[in-house]
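> Have a look at this one before I ask anything.
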Amino acid sequence: MAATAASSLSYGIGGTQILWVPQGLLEQIVSTHSSYQTHHVDLQHLVNLISCIFQNATVSSSKGVEQYAQLTDMINKLETVDGMRQALENIRNLSCEMSCCVSTMASSVDETTMQMLRRLKDYSWNAKVVLAMAAFACSVAESSMLVKHRNTDPIAMYVETLKGHRYTTTDFTVLEHIGLFKAMIDVANTNLAFLAPSISRIPKEVHSIKDAIACFPTAAYKILRIVLQITSILSKKKDHFESTIQELNVLANEVSHINNILQEKLTLCLRDAEKYTYEDITIRITKISISEFIDKIMQYVRTQGFENLRNKHLLFLISDLDISIDEIKALNWLYQRNDQMYEIVWLPIIDLSMSYDVKRFWELKQLMKWSVAVEPTRVEADVVEFVKKEWHFIRQAIAVSMTSAGEVVCQNALPMLWTWGNTAFPFSDKTEEILWNSIDERHGWKLELVLDDFIVPELRSWIENRTTFVCLFGGGDISWIQEFTEKVKYAAYAAGVTLKLVYVGKNKAKLGLSKTDLSRDINVIESEFRWRFWTKLESILHAKIRRGKTTTAYKTDVVIHEALKVVGHGGKGESWAVFSMGPDPMVTTDGETGLTIMSNYLNWRQDTTGLRFLEGVKHYKEVISRDVHGCLKVHLPVLGRVPGIMVCPDCSKVMDMFYTYRCCDE
């Protein structure tokens with residue numbers, strides 16, 4: 001949290017006198033701090049570790065078996081915490097600076113304190129305190145280890161001598177007795193409590209949080225300075241240590257006094273936090289314009305130092321933390337092949353009234369090949385509200401396309417990306433219109449529309465070889481799949497064509513069968529490739545709906561007819577098949593019809609071998625499908641706005657529309 005110099009003029013009043021510093025020094029302290037904190041880590045893990053180190057330092061090596069086991073477990077957990085690598089590097093640097101300070105004149109304490117603050121400029125004031133405590137704990141752990149092994153391990157004695165600790169007294173039970181360790185843990189926990197989501201929801205103009213923020217800079221400065229003083233005292237030789245017990249006691253009391261002041265302010269903040277629920281905040285949110293929104297996002301970006309975003313076409317990827325891993329992988333593939341035409345910036349949106357899954361955020365961040373605007377809790381409430389109301393963000397991810405000049409040309413470019421890939425750049429409505437106009441509505445239902453090189457790398461060779469017969473199919477009925485594929489294999493062999501069987505599962509949510517369930521000659525599309533296939537079909541339908549191709553053009557638009565059938569069958573987990581050959585339009589069937597066609601191949605095989613095989617499939621399907629109507633249920637995710645009217649591809653009736661609320665994939 002930031003603080004201004006003017007806000008801290010009352011530090012010398014009453015019980016807060018210990019936090020008073022001259023105005024010139026205060027301004028120096030504040031100048032070391034970045035207003036936008038870009039380094040975040042779960043500090044609770046560090047506080048637990050600091051406490052454990054202090055406890056272990058006060059027990060002998062023979063009595064500390066349980067404590068050592070606990071410490072080992074904490075260290076193992078610490079290594080799995082996302083964002084901890086940067087924090088540990090800062091802790092190591094702080095520890096080195098502290099060691100250098102104690103080896104020089106005492107007058108360097110103030111200078112070293114400022115250096116430490118500058119090193120931690122990208123952390124909040126509260127986080128600075130915890131990291132400084134961790135650096136001190138590092139020194140304590142090192143000294144404790146050397147002392148405990150100085151009489152049993154020659155190497156420990158040598159290292160202790162080389163580091164100048166050979167004649168120092170490091171009886172850490174004294175520090176425990178005078179309450180120094182407890183005071184340090186208490187002040188670390190208090191600073192940690194100020195970072196809780198409930199506190200961050202309090203408006204900054206509320207007196208309690210305003211008063212607390214005002215004292216953070218000097219509190220952090222004072223605590224870091226005390227830590228340096230303690231480190232210096234502990235480094236003194238044995239014959240001087242006895243005379244410094246009182247000095248250590250005074251410093252322990254100072255830490256406790258500072259903690260008491262922070263605790264009082266924390267109590268007031270917690271009381272106010274109960275008054276400010278997320279609902280209260282949303283009522284008070286000031287509506288912002290699109291230019292103000294963009295300014296805020298770019299401000300997030302600038303604080304991260306992303307020079308590669310300057311004068312670039314940007315896609316703002318907006319999602320919650322439930323965005324699928326498959327979606328990220330599919331988008332990564334496109335992003336890494338876009339020839340630097342555009343950059344992606346992720347804006348993570350969370351429920352500000354609740355704590356969020358920090359581990360999940362860092363997992364997603366590490367997967368993404370692009371930039372992340374800011375940590376979720378740093379996204380301001382008016383930004384969240386703008387995204388929801390103006391760009392209709394609900395739960396499904398959207399990607400807002402913005403030119404290098406700052407013009408928003410599409411509120412959600414993801415359907416375009418999934419359908420056309422990078423060919424859709426610059427992802428404007430005009431570009432999409434041109435791409436769809438290049439597709440013949442009567443004959444555009446082709447293999448390259450529903451597959452791409454990401455899903456099937458061999459796609460181009462299949463299309464170019466006009467004697468390659470491709471059969472896409474889906475569903476979860478293993479008996480149907482076994483019978484159907486056997487019949488297709490026989491018919492393709494008899495017709496003299498090369499067969500490619502491709503299984504794409506039930507649908508995006510229901511994975512269906514795996515490679516181990518099916519024969520080796522079936523290409524099984526799995527993971528993010530399967531997700532891409534089904535999302536591509538959904539995106540085609542969304543585009544058709546937005547362009548008004550649902551009621552006026554249902555008689556001529558074959559693409560929407562056939563895409564509806566596949567998505568409809570997939571939505572119910574039913575079997576279906578699509579047949580393709582070369583560049584010709586595909587033939588779509590439900591599972592029963594597809595099996596009937598291939599089972600009866602001998603009845604329609606005349607003059608349908610070789611290049612005419614697909615034509616024969618199409619003709620026989622028309623013969624056996626007359627006057628047959630199977631009901632369809634199509635489930636489409638809401639990508640921003642609610643979809644429009646949809647017409648049944650079989651009977652041409654307007655389909656009923658229902659709202660489905662679902663918390664997770666089935």
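The values are calculated or read from the model by the stated rules, or taken from the named source; none is laboratory data. What you are looking at is a predicted structure, and each value in this text was computed from that prediction instead of being measured. Reconstructed Cβ throughout: ideal geometry from the backbone, glycine too, with neighbour counts over all protein chains shown.
> Collect the residues in segment 379-398 that are at pLDDT below 90 and either within 19 Å of the chain's Cα centre (by Cα) or closer than 21 Å to L364 by Cβ (or both), keeping them in residue-number order.
V379, E380, A381, V383, V384, V387, K388, W391, F393, I394, R395, Q396
> Here's a follow-up. Go through the residues of segment 333-351 one by one and say whether even a single one is touching a His at 6+ places or on another chain (Cβ under 6 Å), touching a residue at least 60 places away in the same chain (Cβ under 8 Å) and part of a strand (DSSP E or B).
yes
> Only one of these is modelled with pLDDT of 70 or more, assigned to a helix (DSSP H, G or I) and either among the hydroxyl-bearing types (S, T, Y) or farther than 30 Å from P22 by Cβ (or both): D280, D239, D272. Name it.
Within the list D280, D239, D272, the selection yields D272.
> Further question: Counting only residues that are in a helix (DSSP H, G or I) and surrounded by 16 or more Cβ atoms within 10 Å (Cβ to Cβ), how many does segment 454-498 have?
Going through segment 454-498 one residue at a time, the tally reaches 13.
> Report yes if some residue within segment 382-403 is farther than 30 Å from P203 by Cβ and part of a helix (DSSP H, G or I); otherwise report no.
No - not one qualifying residue is present in segment 382-403.
> Which of the residues belonging to segment 307-320 are farther than 14 Å from A373 by Cα and not basic (K, R)?
Answer for segment 307-320, where residues must be farther than 14 Å from A373 by Cα and not basic (K, R): N311, H313.
> If a residue must be assigned to a helix (DSSP H, G or I) and of a type outside the set (G, A, S), how many such residues does segment 517-532 contain?
Qualifying residue count for the region: 6.
> Please state which of the following conditions G644 fails to meet, knowing it meets all the rest: (1) surrounded by fewer than 20 Cβ atoms within 10 Å (Cβ to Cβ); (2) touching a helix residue (DSSP H, G or I) at 6+ places or on another chain (Cβ under 6 Å); (3) at pLDDT 60 or above.
(3)
> What's the number of the only condition in (1) surrounded by fewer than 19 Cβ atoms within 10 Å (Cβ to Cβ); (2) assigned by TED's automatic domain parsing to the domain that holds P197; (3) modelled with pLDDT of 90 or more that N249 fails to meet?
Going through the list (1) surrounded by fewer than 19 Cβ atoms within 10 Å (Cβ to Cβ); (2) assigned by TED's automatic domain parsing to the domain that holds P197; (3) modelled with pLDDT of 90 or more, N249 breaks only (3).
> Additional query: Filtering segment 343-356 down to residues that are touching a Ser or Thr at 6+ places or on another chain (Cβ under 9 Å) and at pLDDT below 85, which residue is surrounded by the fewest Cβ atoms within 10 Å (Cβ to Cβ)?
S355
> Condition check: modelled with pLDDT of 90 or more and either surrounded by fewer than 14 Cβ atoms within 10 Å (Cβ to Cβ) or within 22 Å of Y356 (Cβ to Cβ) (or both). Does I285 satisfy that?
Against the criterion (modelled with pLDDT of 90 or more and either surrounded by fewer than 14 Cβ atoms within 10 Å (Cβ to Cβ) or within 22 Å of Y356 (Cβ to Cβ) (or both)), I285 does not qualify.
> Same structure again: Do you know which of the residues in segment 170-216 that are among the acidic types (D, E) and part of a helix (DSSP H, G or I) is farthest from R378 (Cα to Cα)?
E176
> For segment 500-516, indicate whether the set of residues that are assigned to a helix (DSSP H, G or I) and under 35 Å from the mean Cα position of the chain (by Cα) is non-empty.
yes
> May I pose another question? Applying the selection to segment 399-445, what residues are more than 23 Å from the chain's Cα centre (by Cα) and hydroxyl-bearing (S, T, Y)?
T403, S404, T419, T423, S428, T431, S438
> Filter segment 426-438 down to residues that are crowded, with 18+ Cβ neighbours inside 10 Å and without any contact (Cβ under 8 Å) to a residue 40 or more places away in the chain, then give me how many there are.
2
> Then there is this: Being within 17 Å of I545 (Cα to Cα), hydrophobic (A, V, I, L, M, F, W, C) and in a loop (DSSP other than H, G, I, E, B) narrows it down to one of W436, W418, W445, so name that one.
Matching residue, one of W436, W418, W445: W445.
> Six or more apart or on different chains, Cβ atoms under 9 Å: show the pairs whose first residue is in segment 122-149 and modelled with pLDDT of 85 or more and whose second is among the acidic types (D, E).
A135/E97
> Looking only at segment 54-69, decide whether some residue is modelled with pLDDT of 75 or more and under 27 Å from K359 (Cβ atoms).
Yes, there is a match, as at least one residue in segment 54-69 is modelled with pLDDT of 75 or more and under 27 Å from K359 (Cβ atoms).
> Where the second residue is surrounded by fewer than 17 Cβ atoms within 10 Å (Cβ to Cβ) and among the β-branched types (V, I, T) and the first is closer than 18 Å to L537 by Cβ and lies in segment 439-462, which pairs have Cβ atoms under 8 Å and are six or more apart or on separate chains?
Pairs found: E441/T556; L449/I439.
> Only one residue in K369, K359 is surrounded by fewer than 16 Cβ atoms within 10 Å (Cβ to Cβ) and assigned to a helix (DSSP H, G or I), so which one is that?
Being surrounded by fewer than 16 Cβ atoms within 10 Å (Cβ to Cβ) and assigned to a helix (DSSP H, G or I) holds for just one of K369, K359, which is K359.
> Determine which member of the set G421, G406, G444 is modelled with pLDDT of 85 or more, in the same structural domain as L334 (by TED's automatic domain parsing), out of contact with any strand residue (DSSP E or B) (no Cβ under 6 Å at 6 or more places or on another chain) and over 22 Å from D351 (Cα atoms).
Result: G421 is the single residue among G421, G406, G444 that is modelled with pLDDT of 85 or more, in the same structural domain as L334 (by TED's automatic domain parsing), out of contact with any strand residue (DSSP E or B) (no Cβ under 6 Å at 6 or more places or on another chain) and over 22 Å from D351 (Cα atoms).
> Does R547 count as under 36 Å from the mean Cα position of the chain (by Cα), of a type in the set (D, E, K, R) and over 26 Å from T593 (Cα atoms)?
yes
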